[in-house]
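Participant: First the structure, then my questions, so here it is.
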Amino acid sequence: MDINIFINNQPFISCASPVNYDELCNQIEKKANLQHEDYYLVENGKRLSGELPHGDVHCILRQLGGKGGFGSMLRAIGAQIEKTTNREACRDLSGRRLRDINEEKRVRAWLDKQGEREREAEERKKRKIEKLLAVPKHDFKDDKYEEARANLTEKVNDAFEEGLKQAEETKEKEALAQEASTSGTKRKSPAEDKTKAKKKKKGTLWIGDDISGSDSDSETSEEELEVKKKAIQN
């Protein structure tokens with residue numbers, strides 16, 4: 001019966017049995033150019049060390065290991081990771097989310113306290129109204145100021161009445177003066193006014209004509225004044 005030797009799960013060589021352990025190692029070293037420290041032999045998951053093989057043998061190559069410490073690094077990182085305490089995404093035995101259950105509890109608590117909130121709001125409004133209606137606590141006492149304040153309205157009324165009286169007196173005096181002036185003077189007839197206006201509208205060819213006309217007007221006005229004075233004296 002031949003013994004098959006596998007390297008990396010691939011057939012490498014085969015030897016006739018019975019074969020000594022040392023002879024088997026020598027054949028593997030010659031064929032693969034390996035040292036004795038570079039590999040070890042396994043049969044049916046068990047490591048061979050001087051026993052006679054009875055079945056297929058696997059040659060496993062040794063590999064250089066790292067410096068180690070990877071496990072300690074993982075433990076340090078795991079200690080730094082914070083564990084979550086939020087379980088609202090979980091479900092209870094009935095299949096409901098814990099988030100929905102907690103939200104329902106918060107809504108019920110808010111509705112239960114709604115009456116208290118309304119009463120507190122009404123009390124705050126009452127206190128605010130009372131503060132606005134309350135008389136200020138500070139007192140101001142000044143006798144002179146109070147007297148001046150009491151007499152101020154009377155003085156204003158008196159001054160207003162006095163002003164009205166003076167305005168009426170001035171109006172009466174102006175009316176009397178107008179009556180006296182109208183009674184002492186004669187009213188001109190409209191015919192005379194028309195004739196004077198026509199005379200003014202007519203153009204004068206010579207400067208002397210205009211001067212003579214103005215002289216005649218002045219003479220007539222003087223005669224009228226003398227007649228009025230005689231009438232007033234009589």
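The values are calculated or read from the model by the stated rules, or taken from the named source; none is laboratory data. Owing to the predicted nature of the structure, the values given are computational and were not obtained by experimental measurement. Heads up, the Cβs are rebuilt from the backbone with ideal geometry, glycines too, and the neighbour counts pull from every protein chain shown. Quick note on the areas: whole protein, heavy atoms, side chains included, nothing else; ligands and nucleic acids left out. Shrake-Rupley method; radii C 1.70, N 1.55, O 1.52, S 1.80 Å.
Participant: Specify which of the listed residues (ASN151, ASN102) is of a type outside the set (Val, Ile, Thr) and in contact with an Asp or Glu (Cβ under 9 Å, 6 or more places away or on another chain).
Facilitator: Among ASN151, ASN102, only ASN102 is of a type outside the set (Val, Ile, Thr) and in contact with an Asp or Glu (Cβ under 9 Å, 6 or more places away or on another chain).
Participant: What residue, of ARG106, ARG62, is closer than 30 Å to TYR21 by Cβ and open to solvent by 100 Å² or more (accessible area, probe 1.4 Å)?
Facilitator: Testing whether each residue is closer than 30 Å to TYR21 by Cβ and open to solvent by 100 Å² or more (accessible area, probe 1.4 Å) leaves just ARG62.
Participant: Can you name every one of the strands (runs of 3 or more DSSP E) wholly within the range 1-56 that holds 3 or more residues which are without any contact (Cβ under 8 Å) to a residue 24 or more places away in the chain, open to solvent by less than 50 Å² (accessible area, probe 1.4 Å) and at positive phi?
Facilitator: No strands (runs of 3 or more DSSP E) qualify here.
Participant: Further question: What is the number of the single condition among (1) in a helix (DSSP H, G or I); (2) open to solvent by 80 Å² or more (accessible area, probe 1.4 Å) that ALA159 does not meet?
Facilitator: Just one mismatch for ALA159, condition (2).
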